[in-house]
Amino acid sequence: MGPAKIVIVGGGFAGVECARMLERKLHPDEAFVQLVAPSSSLLYLPLLPQVSSGVLSPRAVTVSTRRVLKRTEFVPGMVVGVDPKTRQCVVRRASGVELALEYDHLVLTPGSITRILDVPGLQEHGFGMKTLAEALYLRDHVLRQLDVAAVRGDEEEDRERLSFVTIGAGYAGTETAAVLNRLTRAAAKRYFPRLDPSHVRWRLVTHGDRLMPELGERLGADAKEILAKRGVEFVPGLSAAQVTARSVTLTNGEVIPTRTVIWTAGVAPSPLAGHLGADTVKGRIVADTDLTVPGLEGVWACGDAAAVPDLTKGGEVKCAPTAQHAIRQGRHLGKNLVAALRGKPRKPYKHPDLGMVVDLGRWDALARPLGIGLSGAPAQFVARGYHLFALRTFAARTRTMFDWGMHGITGDDFMRIGYSDYPTQTIGGFERTSDYLTADEVAKALDVDPELA
Ligand SMILES: Cc1cc2nc3c(=O)[nH]c(=O)nc-3n(C[C@H](O)[C@H](O)[C@H](O)COP(=O)(O)OP(=O)(O)OC[C@H]3O[C@@H](n4cnc5c(N)ncnc54)[C@H](O)[C@@H]3O)c2cc1C
């Protein structure tokens, strides 16, 4: 028998950590590993808001997969369908050409996308914060509002342009509002003679009553206080009811004039999860504690796309969609896959929460390492130290350190690249939500008997 064919879908935290573990543990004769992803770099999502604010350059947060992985074949493209019966998947390359990949073991780690609720106008007019393109596009759009407001002189329109609304107060929304609020207030001071920084308004809207509930009550309250001092208005108990190009209507009927609604109210699993014929929980692929997918022979899943029982909480609840779980699950899956290939027993995934870090810009940070609450400079030290450790390559760590250092010395930059001058992309367009095939289309693409599929 030749080497086992392993196909990993997704080049995020879970997929890359799994591939690393397979490279470390397996002899080249034991398996041939392929990793399919649209880009050959791992996007370090927790630092994405800092790209939006211009503190970090895009290259600092993209870790080259080819530097991290040595023996894994990278296949550029999207897996748009899977036929578990014939053990093949359909890969759509950037050129649009589709190809079939055979596997003995399929590892599903396609992550998540922005969760779009049925809010009229959100898809067309909202901004997401899930991809590098979205982060750069948002930065450009925000600075463009200041550019236009500085020369227009129409009070009503200026109010719209200088009002920014973020919906969702988890880590993505809170960090994005914090760092972009800082940027816009600093930028406004540079506009001569008309822009008054006090005209810039940032609102952070959440349906809950707390900022980042994951932080715990005390640190959540600290975050709220820091943001309030910096002029971010916290609006609890509400969400968006309608979004237009020039306003957002909140669920209490209040209409806020704005041209910038940033939507970070949760994530939904990759649409691929619903195209496999596997059981799902809230759209996530049901995985066993050993990270196999029940009922689909040779299929494994972990990370944001998978509903993995959280054994530290009794197994009834599922692990939260966090980078911490994705990294640990990816490694664990790699070890279990090696065990399966060698006929050894697989172990259940169990990982206690190690805490979290939140960077609100400059010396404002919060951290809860191993349950110890920190704020200010010690928290920033822990937060940045953790990110540098987790970045994996020397190149990415060096770029990130350099950018932080440069920002510390030279302050903010306010140039636009010009993306927002092009036709607006929707969240769905940026995140490619409609690429996937039905079972019949998969069968056609693979040219197998539809009965078998
Ligand atoms: C702005 C922001 C800030 C965050 N901050 C934190 C934080 O501070 N702490 C924390 O713990 N978590 C944070 N998270 C969450 C964390 O980033 C995710 O939980 C983590 O990235 C999940 O890892 P993953 O490997 O499952 O998916 P991802 O990292 O999303 O990777 C999925 C990969 O699959 C690829 N892919 C998708 N579909 C396909 C397909 N059909 N075919 C092939 N490839 C595909 C994608 O291109 C990507 O490479 C943050 C998220 C965001 C958006």
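The values are calculated or read from the model by the stated rules, or taken from the named source; none is laboratory data. Only a predicted model underlies this, so the values are computations on that prediction, with no experimental measurement involved. Neighbour counts are summed over all protein chains in view; Cβ atoms, including those assigned to glycine, are modelled from backbone coordinates with ideal geometry. To get the accessible areas, we keep the full protein, side chains included, count just its heavy atoms, and leave off ligands, DNA and RNA. Shrake-Rupley method; radii C 1.70, N 1.55, O 1.52, S 1.80 Å.
Within the range 329-346, not a single residue is within 10 Å of the ligand (Cβ to nearest atom), open to solvent by 30 Å² or more (accessible area, probe 1.4 Å) and assigned to a helix (DSSP H, G or I). For the range 279-290, does any single residue satisfy the condition of being in a strand (DSSP E or B) and in contact (Cβ under 8 Å) with a residue 40 or more places away in the chain? Yes, the range 279-290 has at least one match. Applying the criterion of being away from the ligand (no atom under 12 Å from the Cβ) and part of a loop (DSSP other than H, G, I, E, B) to the residues of the range 113-127, the residue that is surrounded by the most Cβ atoms within 10 Å (Cβ to Cβ) is Val119.
Ala149 meets all of the listed conditions (1) touching an Asp or Glu at 6+ places or on another chain (Cβ under 6 Å); (2) within 27 Å of Ile327 (Cβ to Cβ) but one, namely (2). Within the range 128-149, residues that are part of a helix (DSSP H, G or I) sit with their Cβ atoms under 6 Å from residues that are of a type in the set (Gly, Ala, Ser) and more than 14 Å from the ligand (Cβ to nearest atom), at 6+ positions apart or across chains, in these pairs: Asp140/Ser420; His141/Ser420; Arg144/Ser420; Leu146/Ala187. For the range 61-76, the set of residues classified as touching a Lys or Arg at 6+ places or on another chain (Cβ under 8 Å) and crowded, with 19+ Cβ neighbours inside 10 Å consists of Val63, Val68, Leu69, listed by residue number.
Residue count for the range 322-341, restricted to those that are free of Cβ contacts under 8 Å to residues at least 60 places away in the same chain and either more than 28 Å from Tyr171 (Cβ to Cβ) or not assigned by TED's automatic domain parsing to the domain that holds Arg284 (or both): 2.
Only one residue in Arg384, Arg368, Arg432 is charged (D, E, K, R), at pLDDT 85 or above and under 27 Å from Arg67 (Cβ atoms). Which one?
Arg384
Among the candidates His125, His105, the residue that is touching a Gly at 6+ places or on another chain (Cβ under 6 Å) and of a type outside the set (Phe, Trp, Tyr) is uniquely His105. Among the residues of the range 411-437, those identified as surrounded by 14 or more Cβ atoms within 10 Å (Cβ to Cβ) and of a type in the set (Phe, Trp, Tyr) are Phe414, Tyr419, Phe430, Tyr436. Please find, within the range 181-227, the residue that is modelled with the lowest pLDDT out of those that are of a type in the set (Gly, Ala, Ser) and in contact with a Gly (Cβ under 9 Å, 6 or more places away or on another chain). Checking each candidate, the answer is Gly216. Within the range 384-424, the residues that satisfy the criterion of being closer than 16 Å to Leu48 by Cα, hydrophobic (A, V, I, L, M, F, W, C) and without any contact (Cβ under 8 Å) to a residue 60 or more places away in the chain are Leu388, Met401.
The residue of the range 347-363 that is nearest to the ligand (Cβ to nearest atom), among those that are open to solvent by 50 Å² or more (accessible area, probe 1.4 Å) and modelled with pLDDT of 90 or more, is Lys350.
Scanning the range 313-328 for residues that are open to solvent by 30 Å² or more (accessible area, probe 1.4 Å) and over 21 Å from the mean Cα position of the chain (by Cα) returns Lys313, Gly314, Glu316, Val317. Go through (1) part of a loop (DSSP other than H, G, I, E, B); (2) open to solvent by less than 30 Å² (accessible area, probe 1.4 Å); (3) of a type outside the set (D, E, K, R) for Thr400 and report which single condition fails. Unmet for Thr400, out of (1) part of a loop (DSSP other than H, G, I, E, B); (2) open to solvent by less than 30 Å² (accessible area, probe 1.4 Å); (3) of a type outside the set (D, E, K, R): (1). Going by the structure shown, is Leu227 among the aliphatic types (A, V, I, L, M), under 27 Å from Gly373 (Cα atoms), open to solvent by less than 10 Å² (accessible area, probe 1.4 Å) and away from the ligand (no atom under 14 Å from the Cβ)? Criteria met by Leu227. Of the residues making up the range 365-382, at least one is farther than 20 Å from Thr62 by Cβ, among the aromatic types (Phe, Trp, Tyr) and in a helix (DSSP H, G or I). Can you find even one residue in the range 267-283 that is hydroxyl-bearing (Ser, Thr, Tyr), open to solvent by less than 20 Å² (accessible area, probe 1.4 Å) and under 21 Å from the mean Cα position of the chain (by Cα)? Checked the range 267-283: at least one residue is hydroxyl-bearing (Ser, Thr, Tyr), open to solvent by less than 20 Å² (accessible area, probe 1.4 Å) and under 21 Å from the mean Cα position of the chain (by Cα). Looking only at residues that are open to solvent by 10 Å² or more (accessible area, probe 1.4 Å) and away from the ligand (no atom under 12 Å from the Cβ) in the range 295-309, which one is nearest to Ala268 (Cα to Cα)? Checking each candidate, the answer is Pro309. Just a yes or no: is a residue in the range 82-95 open to solvent by less than 50 Å² (accessible area, probe 1.4 Å) and either on the phi > 0 side of the Ramachandran plot or not assigned by TED's automatic domain parsing to the domain that holds Ile8 (or both)? Among the residues of the range 82-95, not one is open to solvent by less than 50 Å² (accessible area, probe 1.4 Å) and either on the phi > 0 side of the Ramachandran plot or not assigned by TED's automatic domain parsing to the domain that holds Ile8 (or both), which makes the answer no.
Val261 - would you say it is modelled with pLDDT of 95 or more and part of a strand (DSSP E or B)? Here the answer is yes, as Val261 does meet what is asked.
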